[in-house]
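Below is one structure, written out as C-alpha cells; the observations come after it.
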Amino acid sequence: MNTKYPHLLQPITLAGTTFRNRIFSAPMGGTDITPDCSIGPKTTKFYELRAKGGAAAVTVSECVVHETDGSHMFRLRLSVPGSLPSFTYTADAIRRHGAIPSVELSHSGQFGGTYLADKNKQHSLVQYGPSARIREDGVEVKELTKELIDEIVAAYGETAALAKRAGFEMVMIHGGHGWLINQFLSPLFNHRTDEYGGSFENRVRFAREVAASVRAAVGPAFPIEFRMSGDEFVEGGYHLDEGIKIAQAIEEYVDLIHVSAGTYQKTFGITHPSWFEPHGRNVYLAAEIKKHVSKPVATIGGLNDPAMLEDIIASGKADVVEMARALLADPELPHKVAEGREDEIIRCLRCFTCMAERASTFTRRCTVNPLIGREDEGLGEIQPAPVKRKVLVVGGGPGGLYAAYTAARRGHQVILCEAGDRCGGLLIGESSLPPKYEMYQLGETYELLARKAGVEIRLNTRVGADYVKKESPDALIVAAGSSPAVPPIPGLRESRKMVVAEDYHLKANEIGHKVIILGGGLVGCELAAVLGDLGKEVHVVEMRDTLCPDANVRYRPLLMKKLEETGVHIHTSSPCQSVNDDGILCKDANGDEFQIDGDSIICALGLKAKKDVVEELRGLTPQFASIGNCVKPNTITYAVYQGYHAALDIH
C-alpha cells in the first residue's frame with residue numbers, strides 16, 4: 001500500500017456497503033445504446049474498464065425513469081426483453097473487479113434529447129418541465145401536471161428497485177446540472193404557483209418526494225447517492241446558500257451527497273471545467289456544504305492529481321472524490337496511486353474530445369487513451385506478439401511515443417529515433433502556456449512509459465534511407481511530424497517581428513505588448529487567449545469568416561467566450577496582404593485595406609506534413625506504416641490512435 005495517500009486509499013462504508021477507496025468513477029454516458037435503450041456490449045466494457053482500474057464505485061450514466069423524457073438514453077424496463085439482462089451483465093462486469101456498481105437515475109425534463117445526434121429529432125420531442133415556457137431555441141415546454149409528477153416520482157422508485165434486482169449495489173439520483181429535479185429546485189426554471197413552486201420548501205418538495213420514493217423501494221441497507229449542483233452560477237438560479245439548504249433537506253433519505261455545479265445548458269465549462277478553470281474549482285462548494293450536513297459528501301470537477309485528491313480527503317473538504325474524464329484518460333489511475341506509480345498517470349487534458357465525440361457521432365474517444373470507446377478490443381490488455389520483431393519508430397512526438405510504447409508492450413525490440421534533443425514533438429511548445437501544461441506533461445509521461453516498457457530512445461538522430469538499411473528493422477513506423485507553414489506573404493518571412501507559433505516557447509520573453517496573430521485556427525486562438533490573459537493587446541487575423549471551425553463542438557464555445565473575456569480583437573474575412581515595419585496590412589470583406597500595428601507577429605497559419613521523409617523511407621522494410629502529422633496534420637487524438645494501431649498491426 002502506498003502510504004503517500006492514506007486518506008485517499010482508505011475504505012468508506014455507506015449504508016452497510018464498504019467501498020475499497022475514496023475514488024469513485026462518476027457517470028459518463030455509454031456508446032452503443034441499443035434501439036430499445038438497453039445497454040450494448042461495448043458500453044458494458046466501457047464501464048468495466050474503470051472497475052478494473054481500481055475505482056471504488058462505477059456509476060452507469062443516466063438511466064431515464066419515465067416516458068415523459070424522450071431522450072435516447074438507457075432505460076430499465078421489464079417490458080423490454082433485453083433491458084434487465086443488459087443491466088445485470090453490466091453490474092456483473094463492474095462487480096467482478098471489486099468495484100461497487102451504481103446506476104444514475106435521471107429525467108432530462110425540458111432538455112430531453114440533448115445527446116441525440118439527430119438535432120431535428122431532438123427539437124421535435126415533446127418537452128416537459130416544472131413550468132410552461134418557450135426554450136431559447138424555440139421549443140415549447142409543457143408544464144407537468146400533478147398526475148404526471150406523481151407518476152415520475154413513483155417511476156424513480158420502480159427503476160431503483162429494478163436496478164437493485166439487476167445486481168446494482170447503489171443508485172445515484174441526478175438532482176443537478178439543469179435536469180428535471182434541478183429544474184424544480186431552481187427559481188430560474190420553476191415558476192409554479194402550487195405546492196411545487198414559489199418558496200424554497202415548495203421547490204425542494206419534488207426532490208424530497210423522489211428521494212423518499214427511491215428509499216422506500218430499495219430499503220434502508222442500500223446506498224443512495226444524491227447528485228446536486230451546489231451553485232447554479234447563473235443569474236436567476238440558486239446559489240451556495242440554497243445549495244446548503246437543498247443538501248440539508250435531502251440528507252435524511254440519502255447516504256452520500258455528491259456536490260457538483262452549474263446547469264448543463266448554461267454553464268457547461270463550470271460543470272465540466274476546461275483548462276481555463278483551475279483544477280478542483282468546485283471543491284469549495286462541497287467543503288462548505290459538508291460543514292452543514294451529517295452525511296458524507298463527494299466532490300467533483302477537473303480533478304486528476306493524487307496529491308490534490310489526498311488533501312481534499314485529509315483536510316475534510318470531502319469524503320469522496322469523483323472523476324469522469326480523468327478515468328477515461330487513465331482508467332488505471334487508482335491502481336497507480338495505490339502502487340506508487342503516480343508518475344505513470346496519463347493526465348486528462350480537459351480538451352472535451354470525449355464529450356464532443358459523443359455529441360457528434362454518439363461514440364466515445366479520448367485524446368490520450370486510444371482504447372476508449374473500443375474497450376471490447378481487449379480491456380487494455382496488450383497481447384504478446386506471436387513473433388518478436390525489431391521495430392524502428394521515426395519521430396518522438398505523441399504518436400511515435402505511443403506506437404513505440406505499445407510495440408514494446410507486445411514484446412518487440414523497439415528503437416525510437418528523435419531528430420531533436422528531446423521527445424514530445426509539438427507538445428514541447430505547450431510548456432510555455434501554463435493552462436495547457438498538462439499537454440507538455442503528456443509527452444513526458446509517454447516517454448517515461450516507453451522507456452519503462454523497454455524502448456531504446458535515441459535523441460539527436462535523424463533517420464534516412466541509409467540509417468534504416470543499417471539497422472535493418474522488420475517493421476518501420478514513420479511519425480516524422482510536420483513543419484510550420486509560412487506562406488509567401490510579402491514581408492512575412494523577412495520580418496524581425498515574426499515568430500512561428502510552434503517556436504513561441506523559445507521566444508515567449510521576446511513577445512511585445514501588441515501582438516498580431518496570423519491565423520484563427522485552434523493554435524492561434526489558444527495563444528490569443530493565453531496572451532490576452534497576460535494583459536497583452538491581441539489581434540487575431542483570419543481569412544475565413546469564422547474562427548476555429550474545426551474545433552470540437554464542446555470546446556469551441558468555451559474558447560470563443562474566453563477570447564471575448566480577455567478582450568482579444570477579432571478580424572475575420574481579413575486576409576493579410578503584406579507585412580511592414582509597423583505591423584501588417586489586411587483587406588476586409590469589402591475589399592478595403594486596413595493597417596494593424598503590432599510589436600510582435602505570430603504566424604499560426606498551419607502545418608505542412610513531412611511527406612518527403614515518408615516517401616524516402618517507404619519500401620525499405622517488410623512492414624511499414626506512417627502515422628500522425630507526417631500523413632496529414634491533425635489532432636493529438638488521431639496521432640495517438642494511429643500509433644497505437646500501427647503497433648498492434650505488427651505481425
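Relative contact order (percent) for segment 42-98, with alpha-carbon contacts under 8 angstrom and 6 or more residues of separation? Before the final figure, lay out the partial values.
Working: 50 pairs, mean separation 25.8, N = 57.
For segment 42-98, the relative contact order is 45 percent.
Using a probe radius of 1.4 angstrom, the carbon and sulfur fraction of the accessible surface of the chain is 50%. Binning the alpha carbon pair distances of segment 218-337 at 10 angstrom intervals from zero yields the distribution 14, 43, 34, 9, 0, expressed in whole percent.
With θ taken as phi - 60° and the Karplus curve 6.51 cos²θ - 1.76 cosθ + 1.60 applied, the whole-hertz 3J(HN,Hα) list for segment 407-412 is 5, 5, 5, 7, x, 6 Hz, x standing for glycine and proline. Across all directions, the average flat footprint of the convex hull enclosing the Cα atoms of segment 1-100 is 7.3 nm².
Average accessible surface for segment 44-149: 35 Å² per residue, computed with a 1.4 Å probe over protein heavy atoms with every protein chain in place. Near F624, the amide H atoms lying under 5 Å from its own belong to L476; only residues 5 or more places off or on other chains count, and H is placed 1.01 Å from N.
Counting only lysines at least 8 places from K291 when in the same chain, those with an alpha carbon closer than 29 Å to its own are K4, K245, K266, K317. Once the Cα atoms are used to define both axes, helix 83-95 deviates from the longest principal axis of the chain by about 70 degrees. These residues, R77, R165, go from largest to smallest accessible area, 1.4 Å probe, as R165, R77. Considering Cα pairs under 8 angstrom that are at least six residues apart, work out the relative contact order of the chain and quote it in whole percent. Value for the chain: 11 percent. With the cut-off at under 19 Å, measuring from each backbone N in segment 161-205 to a point 7 Å along the Cα-to-Cβ line of I134 picks out 189-191.
Once you have the Cα-Cα distance between A314 and T361, take 0.36 nm times their residue separation minus that, and quote the gain in nm to one decimal. Could the numbers behind the result be given before it?
On the way: separation 47, 0.36 × 47 = 16.92 nm, distance 4.08 nm.
Length difference between fully extended and current span is 12.8 nm.
Each of M560, M170 has its accessible area taken with a 1.4 Å probe; listed largest first, they run M560, M170. Using bins 5 angstrom wide from zero, how does P(r) for segment 263-309 break down, in % of all Cα pairs? Reading upward from the zero bin: 5, 21, 24, 24, 16, 9, 1.
Can you give the FRET efficiency for Y284 and D241, using 1/(1 + (r/R0)^6), R0 = 22 Å, r = Cβ-Cβ distance, to the nearest 0.05? Walk me through the intermediate numbers first.
Working: r = 14 Å, r/R0 = 0.62.
The computed FRET efficiency comes out at 0.95.
Note that segment 511-608 shows a convex hull volume over its alpha carbon atoms of 97 Å³ per residue. In this view, the solvent-accessible surface of F594, computed with a 1.4 Å probe and all protein chains in place, comes to about 50 Å².
When the residues E242, E235, E140 are ordered by accessible surface, computed with a 1.4 Å probe over the protein chains alone, the sequence from largest down reads E235, E140, E242.
Taken along its principal axes, the alpha carbon cloud of segment 44-187 reaches lengths of 47, 32, 30 Å, longest axis first.
Per residue, the solvent-accessible area of segment 406-453 (1.4 Å probe, heavy atoms of protein chains only, all protein chains present) comes to 37 Å². Over segment 579-619, all Cα pairs binned in 10 Å intervals from 0 give whole-percent P(r) values of 22, 28, 21, 17, 12, 1, listed from short to long.
Look at the dipole of segment 346-495 built from charges on Cβ: of S482, V414, L401, the Cα furthest out on the positive end belongs to V414. Based on the Cβ-Cβ distance of D503 and K611, what FRET efficiency does E = 1/(1 + (r/R0)^6) give at R0 = 22 Å, to the nearest 0.05? FRET efficiency, D503 to K611: 0.50. 3J(HN,Hα) along segment 32-44: 8, 6, 5, x, 9, 6, 8, 8, x, x, 5, 5, 4 Hz, from the Karplus curve 6.51 cos²θ - 1.76 cosθ + 1.60 with θ = phi - 60°, whole Hz, x for Gly and Pro.
Measuring only protein heavy atoms, the 1.4 Å probe finds V463 accessible over about 20 Å².
Based on the alpha carbons, how large is the Rg to Rh ratio for the chain when Rh follows Kirkwood? Write out the running numbers ahead of the final one.
Details: Rg = 26.4 Å, Rh = 26.4 Å.
Reported Rg/Rh, Kirkwood definition of Rh: 1.00.
Model label sites at R544 and D305, defined 7 Å from Cα along the beta-carbon direction, differ in position by 3.4 nm. Scattering from segment 449-538 was approximated by placing one identical point on each alpha carbon and applying the Debye formula without solvent; log10 I(q)/I(0) at 0.13, 0.15 1/Å stands at -0.69, -0.79.
Per residue of the chain, the DSSP helices (runs of n ≥ 4 H) give a summed -39500 (n - 2.57) that works out to -9500 deg cm²/dmol at 222 nm. Within straight-line reach of K469, meaning a Cα separation under 25 Å, sit the following lysines at least 8 residues removed in sequence or on another chain: K388, K390, K610, K611.
Magnitude of the charge dipole for segment 351-433, about its Cα centre and with charges confined to Cβ atoms of Lys, Arg (+1) and Asp, Glu (-1), is about 260 debye. Between the amide H of F19 and those of I12, T13, L14, distances stay under 5 Å, these residues lying 5 or more places away or on another chain, with hydrogens modeled in the peptide plane. Helix 437-452 versus the longest principal axis of the chain: what angle, 0 to 90°, nearest 10, using Cα atoms? The answer is roughly 80 degrees. Counting only heavy atoms of the protein chains and using a 1.4 Å probe, I650 has close to 10 Å² of accessible surface.
Where the centroid of each part is defined by its Cα atoms, how far is segment 270-332 from segment 226-263 in Å? Result: 15 Å between the Cα centres.
Cut-off 16 Å, label point 7 angstrom out along Cα-to-Cβ of R496: give me the residues of segment 557-583 whose amide nitrogen falls inside. Only 580-583 fall inside the zone, counting backbone N under 16 Å.
Using 0.36 nm per residue of separation minus the Cα-Cα distance, give me the extension gain between T13 and R462 in nm, one decimal. Could you put the intermediate results ahead of the total?
On the way: separation 449, 0.36 × 449 = 161.64 nm, distance 5.68 nm.
So the chain would gain 156.0 nm between T13 and R462.
Extending 7 Å from the Cα toward the beta-carbon at both V387 and L448 defines two label points whose distance is 3.6 nm. Spatially, segment 361-389 and segment 507-555 are offset by 35 Å when compared through their Cα centroids. Give me the lysines in straight-line cross-link reach of K507: C-alpha distance below 22 Å, same-chain residues under 8 apart excluded. Candidates past the 8-residue exclusion: K436, K497, K536, K608.
The values are calculated or read from the model by the stated rules, or taken from the named source; none is laboratory data. In this text, all values refer to a predicted model and were calculated from it rather than measured experimentally. Ideal geometry is used to build each Cβ from the backbone, glycine not excepted, and the neighbour counts take in all protein chains shown. Accessible surface areas use protein heavy atoms only, side chains included; no ligands, DNA or RNA. Shrake-Rupley method; radii C 1.70, N 1.55, O 1.52, S 1.80 Å.
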